[in-house]
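Right, one structure below, let's go through it.
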Amino acid sequence: MFFESLFSFLLSNINYYTILILMTIESSFIPFPSEIILIPAGVLCSLGDLNIFLCVFCGAFASLIGALINYFIGKKLGRSYILKHKKLFFINEKHLHSSEHFFKKYGNMTTFVGRLIPVIRQYISIPAGFSNMNLFKFSIFTFLGAFIWSGFLVFIGYLFAENANSLLSLYNNILIIIIALFLIIIVVVKVFSKKLNKSKSL
């Protein structure tokens with residue numbers, strides 16, 4: 001109920017500045033759903049009030065800023081300190097462990113793919129900081145993943161603007177399909193990489 005009310009409020013008040021501010025918050029350790037921000041932006045794009053490319057770019061750029069905050073928190077403070085003060089950082093320990101496992105299993109590309117998976121996307125930057133991932137690669141992968149995610153949400157709002165009230169439930173169904181597709185892609189890439197490495201070692 002709260003998010004539906006917030007969705008309606010943002011539908012009347014969203015602009016480029018609020019996208020930048022709210023998406024930075026959403027991408028950092030403070031939990032805030034990006035769909036509440038960017039789907040209304042997409043609706044306003046369909047009405048001609050906002051530019052669709054600028055909305056997507058602002059969403060992606062702000063996501064990178066928020067992710068960099070998490071990255072440097074992970075890098076400078078370390079795992080033990082963050083877990084000890086998890087309440088201070090609004091950290092869900094279970095979600096952080098899931099993100100760590102995801103990062104260790106699939107490597108640096110998870111900073112790209114992880115931006116497309118709910119819960120993981122808010123936390124994946126912290127294990128990247130733990131592992132001291134190359135900052136340039138982290139920024140590129142994160143921005144590209146965030147650009148796709150932002151584009152997806154804005155496009156949903158743009159495409160289904162006439163049914164704005166039912167967008168959130170529609171979004172959930174589409175998201176399940178998207179997540180399934182990307183998980184399949186991850187598995188395929190992983191299997192292909194292993195085969196490639198085996199062929200090189202022969």
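Scalar couplings 3J(HN,Hα) for segment 15-22, obtained by applying the Karplus form with A = 6.51, B = -1.76, C = 1.60 to θ = phi - 60°, are 8, 4, 5, 5, 4, 4, 5, 5 Hz; x denotes Gly and Pro.
Take the Cα of Phe9, step 7 Å toward its Cβ, do the same at Ile30, and the gap between the two points is 1.3 nm. Given R0 = 22 Å, the distance between the Cβ atoms of Lys137 and Leu20 translates into a calculated FRET efficiency of 0.40. Residue order for Arg115, Arg121, fewest other beta carbons within 10 angstrom first, comes to Arg121, Arg115. Length available on full extension from Lys84 to Met109: 0.36 nm per residue minus the Cα-Cα distance, which gives 6.2 nm.
A short reminder: the numbers here are calculations on the coordinates, not readings from a lab. On a predicted model such as this, the values are computed, not experimentally measured, just so you know. Quick reminder, even Gly has a Cβ in these numbers, built from the backbone with ideal geometry, and neighbours come from all protein chains shown.
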